[in-house]
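The values are calculated or read from the model by the stated rules, or taken from the named source; none is laboratory data. Remember, it's a predicted structure, so these values are computed and weren't measured experimentally. Quick reminder, even Gly has a Cβ in these numbers, built from the backbone with ideal geometry, and neighbours come from all protein chains shown. Calculation scope for accessible area: heavy atoms of the full protein, side chains included, ligands and nucleic acids excluded. Shrake-Rupley method; radii C 1.70, N 1.55, O 1.52, S 1.80 Å.
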Amino acid sequence: MTACLILAAGEGKRLRPLTSNKPKALVNFIDKPLIMHQIRTLESLNITNIGIVTGYKAEKFQNLGFQTFMNNNYGKTNMVYSLFCGRMFFENNEDDLIISYGDIVYEKKNLQTLLSTDGDIVLMTDDNWFRLWSLRNDDPLSDAETMKFDNSGNIVELGKKPKNINEIESQYTGLIKISKNKIKDFIYFYQKICQNKTIPKDDLDQMYLTTYLQLLIDIGWEIKSAHIKSGWLEIDSIKDIQLYESLAAESKLHELWNKNE
């Protein structure tokens, strides 16, 4: 059975004052804490082995009833560091592993698309990303990242600053599936770059997951895309919440994400 590790250590400074007394993933969104939307979606597909990497206001997660793994350095580190703070959750895993950012929500059908797409590593990517980014940003390219594919559909580039829209063939959403057969190799590569000190410690601690995935691509890993068209949201700022709540009040939010799907 598939397991899921949710990365929720972040402080969520752009969501203040909502995060003054609670972590970003527990900010109320629509009708429940943000993280509970994706937990309910996971559970709807019988994914109940769920772990959470915590950091800021970590004690607030205790009453959810899931395994938690502490990133004590959450203020000075990024996603890759947080991921490996939860290594005990997946290092002996005999099932596929989903890694999810704690500030996203997604529809059941999109999770099903991720689960049904074969590959050593599969990323859920949004081909309809420009619509959402245009609503969230005056300049959609300012917060978008590159994604390019080869002729076989493998991702060959992601996570870089785009020079133009043609460098964005789809958009990374923060949801990843790693095949159970590749988990040990995924861990070993991290151990190797830590031991070899090929990357300065500060850079490694601050590494984004997209950067780590690009390093894997560069040494020959094949990373696939589970292509979707909308049906997910990222909540990164007060502006995002105001936008989504405004759309919900106008009965238009379902055009981007349907919380009942």
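Computing P(r) over Cα pairs in 10 Å bins from 0, in percent directly from the structure and comparing it against (i) 6, 22, 25, 18, 16, 10, 3, 0; (ii) 7, 29, 32, 22, 9, 1; (iii) 7, 31, 40, 21, 2, 0 singles out (iii).
Below 14 angstrom from the Cβ of residue 106, what's the summed charge of the other residues (Lys, Arg +1; Asp, Glu -1)? Counting the neighbours of residue 106, the net charge comes to 0.
What is the sum of charges around residue 237, taking Lys and Arg as +1, Asp and Glu as -1, for the other residues whose C-beta is under 11 Å from the C-beta of residue 237?
+1
If you roll a 1.4 Å probe over the heavy atoms of the protein chains, what accessible area per residue do you get for the chain, in Å²?
About 47 Å² of surface per residue is accessible.
In the assembled protein chains, residue 130 presents an accessible area of approximately 90 Å² (probe radius 1.4 Å). Springs join every pair of Cα atoms under 10 Å in this Gaussian network model of the chain, and among 63, 92, 71 the largest mean-square fluctuation is at 63. Annotation for the stretch 18-45 versus the stretch 121-138: alpha-carbon center distance of 20 Å. With a 1.4 Å probe rolled over the protein heavy atoms of all chains, the accessible area of 4, 85 falls in the order 85, 4, largest first. Evaluated on the stretch 157-202, the Kirkwood hydrodynamic radius is 13.6 Å, with distances taken between all distinct Cα atoms. Excluding residue 153 itself, what net charge comes from residues whose Cβ is under 13 Å from its Cβ, given Lys and Arg +1 and Asp and Glu -1? Counting the neighbours of residue 153, the net charge comes to -3.
Of the heavy-atom accessible surface of the chain (probe 1.4 angstrom), what whole percent is carbon and sulfur? After summing per-atom areas, the C and S share lands at 44 percent. Cα centroids of the stretch 139-196 and the stretch 244-261: 28 Å apart. Compactness ratio for the stretch 79-144: Cα radius of gyration over 2.2 N^0.38 Å (N = residue count) comes to 1.39. Summarising the strand pairing of the stretch 1-160, around 25 percent of its internal DSSP beta bridges are antiparallel.
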